[in-house]
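Here's the structure, in structure tokens; my notes come after.
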Amino acid sequence: MNGTFLKAIFVMTIFLTAIIPAQTKKTPGELYAEAQKAYQVKDYKTLLELYRQLERLRPYNKVVMYNLAGVYSLNKNKGQALEYLRKTLPLNATETIATDPDFLWLQPLPEFKKIVADAVLLRAPVANSETAFVIAQRDLHPESIAFDPKSGRFYIGSVHHQKIVWRDQEGNLHDFVSTGQDGLDAVMGLKIDAERRLLWVTTVAIPHMTGYKPENKGRTAIAGFNLETGRCVGKKILHEETIHMLGDLAIHPDGDIYATDSSANIVYRYHPATDELEAIIASDSFYSLQGLDFSGDGRFLFIEEYGSGVYVAGVKEKKILWKIQHSDDAPLVGIDGLYFYKNSLVGIQNGVFPMRVSQFFLDKDFKKVERAQVLERNNPHFNEPTLGVLAEGHLYYIANSQWKHYEKDGTIFPFQKLDDIVILKLPLSGPVF
């Protein structure tokens, strides 16, 4: 069968493994097996209950919402099927809605035709970015980019080659930290402390890097380098039985480094002066932490939870204070890179379809989104855009990371099957009150 459930088996297997908390009575494997069996024997009532459980956990997951619409349709619940299809559109405006056999009986309805038409509109490109520069080293696999306002240099971290490069004005790349130097693993987050002349990175040992060894699986670290000399000024490694993956990071005005652990779902703070790495923020609501950034005064930390939205933590309080309210039409979800800009949040949304860059204008208390705007959508260069950097009123960001260009064993595709790496430049505007 090629209906809703079976189309998403692979995605849902990964998704369930990542999000079901330990206290759930049924394991992800059990839930998956039950759902598969229920679909195959057409026990749609049981299938519906399983998806209701998933919705309670991940109310803004594009796979769950789409599949739940299909399950309601299979249960002949027209009202709920149409409602969930409408809710799905901001998350997953896929063209398969029109032809999915699970919605076959809904296809003649005017309401369904309107949803299909709206999906077409939401897939239309929004083009405000221009190409900043192109990197011909296709196997670099950058996840992150940083900018030094003093030198005017862009720094790019390499996942595959375990190094950091900088780009000169002629477009040439130079090693800043060479492959594996100072025990560097795959480079994930990358931020510059221009005042202190330091570059900070998060790294993790994964099969995608050239020097991967299975015994190092789960090793992750924060490391800092002097921008003038390239010398490593500090490094803290996490390598425990629990798998950790430090991803994005942000630099507080006081010089401390904050990083999200997207595996253990903890926010860490690294204090360079004492070489102390402290787990400071955790929550039962966290399942996949991604980007983070500080308010302009450094009082608040914005933390992206990939499947539910942005949480605001107090830096002094070391705890979550609230979750930012957003509308279903413009959810703060599926965001990889997150950036605070003039009382707004700019998000690189690679967890929705089509992928896009959006700006969310906040109220003065950072409690809710007052207005949202799609800045870029369905760009032809988009092949999982990841992280960026704010510079001179623009967002410079990686348009096409290489995560989808590996074999299952971590071997990168041949050069001719890769694309040149495109860095896009997007102008930003402040809020209009």
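Laboratory data are not the source of any read-out in this text; all were calculated from the coordinates shown. The structure displayed is predicted, hence computed values, not measured ones. When we count neighbours, we look across all protein chains shown, and the Cβ atoms used for this are built from the backbone with ideal geometry, even at glycine.
Quick notes on this one:
- Angle of helix 78-88 to the longest C-alpha principal axis of the chain, folded into 0 to 90 degrees and rounded to 10: 10°.
- Net charge contributed by nearby residues that have their C-beta within less than 12 Å of TYR212 (K/R +1, D/E -1): 0
- Computed 3J(HN,Hα) for the range 57-67, one whole-Hz value per residue from the Karplus formula 6.51 cos²θ - 1.76 cosθ + 1.60 where θ = phi - 60°, is 7, 9, x, 10, 7, 5, 6, 4, 5, 5, 5, glycine and proline marked x.
- Note on the range 302-433: semi-axes of the ellipsoid equivalent to its C-alpha gyration tensor, largest first and rounded to whole Å, are 29, 17, 13.
- Proxy reagent accessibility, fewest Cβ within 10 Å first, across VAL159, VAL116: VAL116, VAL159
- Among PHE300, PHE225, PHE294, a tally of other beta-carbon atoms within 10 Å of each Cβ gives an order, fewest to most, of PHE294, PHE300, PHE225.
- Debye intensity ratio I(q)/I(0), log10, the range 218-292, q values 0.17, 0.21, 0.22 Å⁻¹ (C-alpha model): -0.64, -0.93, -1.01
- For the range 130-427, the relative contact order works out to 14 percent when only alpha carbon pairs closer than 8 Å and six or more residues apart are counted.
- Cα gyration tensor category, rounded, prolate or oblate, for the range 266-334 with a/c compared to 1.5: prolate
- Cα gyration tensor shape for the range 121-276, rounded if a/c is under 1.5, else prolate or oblate: rounded
- Here the extension length gained between ASP254 and LYS404 equals 50.3 nm, from 0.36 nm per residue of separation less the Cα-Cα distance.
- Charge context of ARG138, other residues only, Cβ under 12 angstrom, K/R +1, D/E -1: -2
- Distance between the range 189-251 and the range 349-426 - C-alpha centres, whole angstrom: 21 Å
- Neighbours of GLU276, meaning other residues whose beta-carbon lies under 12 angstrom from its beta-carbon, give a summed charge of -1 when Lys and Arg score +1 and Asp and Glu score -1.
- Projecting label points 7 angstrom from Cα along Cα→Cβ for LYS113 and SER178 puts them 6.7 nm apart.
- Extension reserve of the ALA124-THR210 stretch, reckoned as 0.36 nm per residue once the Cα distance is removed: 27.1 nm
- Pairwise Cα distances in the chain exceed 32 Å in 38 percent of cases.
- Compared with the dominant Cα axis of the chain, that is its longest principal axis, helix 28-40 is turned about 30°.
- To the nearest ten degrees, helix 9-19 and the longest principal axis of the Cα atoms of the chain are 60 degrees apart.
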